[in-house]
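The values are calculated or read from the model by the stated rules, or taken from the named source; none is laboratory data. Just so it is clear, the model here is predicted, and its values are computed rather than measured. FYI the Cβ positions are ideal-geometry reconstructions off the backbone, even for glycines, and counts take in every protein chain you see. Ligands, DNA and RNA are excluded from the accessible area calculation, which covers all protein heavy atoms including side chains. Shrake-Rupley method; radii C 1.70, N 1.55, O 1.52, S 1.80 Å.
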Amino acid sequence: MATGFVLAGQVRAQLLTPSNQVARYQALVLSVQELEATNSASRREIAALRADIDALEADAAARSAATRNLHAQVDDLRAHAGLVAVHGPGVEVDLRNGDASLAATGTSYLVNFEDVQDVVNLLFAQGAEGIAVNSRRITPLTAFSGSAGQVVIDQGPPLASPIKVVAVGDRNRMVAALDDPSALGSIRAREVEFNLHLTFFGSPDVSLPAYDSSLQIPHVAPAH
């Protein structure tokens, strides 16, 4: 009888084992399927996140480029407005009074504000990107005035001979213009008549200070 019970147990075990293996296999397949589904969803989520990141990075790069461009424009405007010190190739021009003994009357032998204004306008027309007169920076709003050998720039103190005009820009064009005998007619004529002095030379590097006063125009209002 004992032998019979042992044999019966072995038969029972052999009959149950395949069923258990099938169940375990099915459970394993189900787990793998669920894992694959989870992984697939995760991959889609990761792809969506990467797309969002790429879009954000592209937007940030565009904003950064736009910001750099805006900063460059502002810096350029500040330079042209004379609000920053600059340096580069350019010219130096010296204006000095003529000989008073050659003038019976009047002040034609003196350097006047029109002379300085003519030199400044000529240099700007010939490629100057910045100009200073006796270390006073010229801006788009600069006004020249004066009398009897005095030169007043904006609301600054009166300047008198010698006057030094320094310009940064296209050195060759500016030198050629200053060397042109048909330019600066009034100065050329008084050079001959009163020994007024106009000298100039090109330089590989000259420096201009920043504008040192206010650019406010309190008495100007927009037209309606």
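Shape verdict for region 53-176, please, from the Cα gyration tensor: rounded (a/c under 1.5), prolate (a/b greater than b/c) or oblate. Since a/c reaches 1.5 and a/b is larger than b/c, the shape of region 53-176 is classed as prolate.
Label positions at SER207 and SER186, each projected 7 Å from the Cα along the C-beta direction, are separated by 3.3 nm.
Two numbers describe the Cα atoms of the chain: Rg and Dmax, which are 43.0, 158 Å. Ranked by the mean number of other Cβ atoms within 10 Å per residue, highest first, peptides 83-94, 32-43, 161-172, 180-191 order as 161-172, 83-94, 180-191, 32-43. Taking a ≥ b ≥ c as the square roots of the eigenvalues of the Cα gyration tensor, an a/c ratio of 1.5 or more together with a/b no larger than b/c marks region 124-194 as oblate.
Excluding ligands, DNA and RNA, the accessible surface per residue across the chain is 65 Å² with a 1.4 Å probe. Only Cα pairs under 8 Å and 6+ residues apart enter the sum, and on that basis the relative contact order of the chain stands at 27 percent. With all protein chains in place and a 1.4 Å probe, the accessible surface of region 29-141 carries 55 percent carbon and sulfur. Under 8 Å for C-alpha pairs, at least 6 residues apart: give me the relative contact order for region 63-147, rounded to a whole percent. It comes to 30 percent, rounded to a whole number.
In order along region 156-169, the phi-based Karplus estimate (6.51 cos²θ - 1.76 cosθ + 1.60, θ = phi - 60°) of 3J(HN,Hα) comes to x, x, x, 10, 9, 3, x, 10, 10, 10, 10, 10, 9, x Hz; Gly and Pro are listed as x.
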